[in-house]
Amino acid sequence: MRSCVVRDLGRMPFAEAYALQQALVERRKQGLDADYLLLVEHPHVITMGRNGRREHLLASEELLSRAGIEFHHTDRGGDVTYHGPGQLVVYPIFDLKQWKRDVGAYVRGLEQVVIDTLADFGLKGQRLAGCTGVWVSGAKICAIGVHLSRWVTSHGLALNITTDLSYFRYIVPCGLTKPVTSLAELGCRATRADVVARLIRHFERIYDLDTGASEGAVPKERIA
């Protein structure tokens, strides 16, 4: 099993978390650090991936700003997505050379982590043919978009727990005209802490990680 450091960053602006990811990726590529699993909640922000199409952003940046929503272009795969309060965002900084040199297997693993986590709360998560992410009864509950540099991963997944789904009206989520949902909307009363505990356990199992989190509380650290 590989050592993996878990850090819960609490609520952190997207740009700050992105800079932290980049710093950790560079250290991981140089072999100066272990794998990391960053847990974070962002203030309202819309991000556009490398494959994003401008027509999938349904509001001007000026309108978004007036609504208190930041907008950022990113180097992850995928199209446009929303992050905000009540959503758990997970950024794995993994060296896949020490797991499997297989991007498809890595992404399917992220989906399986979420599917297994949802199952712990009595919800049936599913894959949708031709689409990345996790769905419940045809509605998307988790978006996934990743980036790899010399086999080191960044970006990751965003799971809606108590997210205010009305903010998705500003975009065509991931370029798909399909509904979105959350654990809360589906009647699940699991807290963020409940979800984090289960999700870490499945990350450990699927990616052969030793985080130490199963034996105690996940450390919470705000990194400036």
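A few notes on this one:
- Stretch gain in nm, segment residue 149-residue 59, where the contour uses 0.36 nm per residue and the Cα spacing is subtracted: 29.2 nm
- Between residue 205 and residue 98, the modelled label-to-label distance comes to 2.3 nm, taking each label 7 Å out from Cα in the direction of the beta carbon.
- Taking 0.36 nm per residue of sequence separation and removing the Cα-Cα distance, the residue 66/residue 185 pair yields an extension gain of 40.2 nm.
- Ordering of 122-133, 149-160 by packing [mean C-beta count within 10 Å, highest first]: 149-160, 122-133
- Proximal lysine pairs, the chain, alpha carbons under 30 Å, eight or more residues apart or interchain: 12
- Computed helical MRE - 222 nm, the chain, DSSP H runs ≥ 4 contributing -39500 (n - 2.57), nearest 500: -8000 deg cm²/dmol
- With the convex hull drawn over the C-alpha atoms of the chain, the volume per residue is 113 Å³.
- Separation of the residue 177 and residue 19 label points, Cα + 7 Å toward Cβ, nm: 4.0
- One chain, two ends: residue 108 and residue 1. Fully extended at 0.36 nm per residue, the span grows by 36.6 nm beyond their Cα-Cα distance.
- Summing charges over neighbours of residue 84, with a neighbour being any other residue whose Cβ is under 13 Å away from its Cβ, gives -1 when K and R count +1 and D and E count -1.
- Shape category assigned to the stretch 70-182 from the gyration tensor of Cα positions, a/c cut at 1.5: oblate
- Cβ-defined net charge surrounding residue 47, 13 Å radius [Lys, Arg +1; Asp, Glu -1]: -2
- Mean separation of Cα contacts under 8 Å, 6 or more apart, over the residue count of the chain: relative contact order %: 26
A short reminder: the numbers here are calculations on the coordinates, not readings from a lab. None of the values given here were measured: they were computed from a predicted structure. Ideal geometry is used to build each Cβ from the backbone, glycine not excepted, and the neighbour counts take in all protein chains shown.
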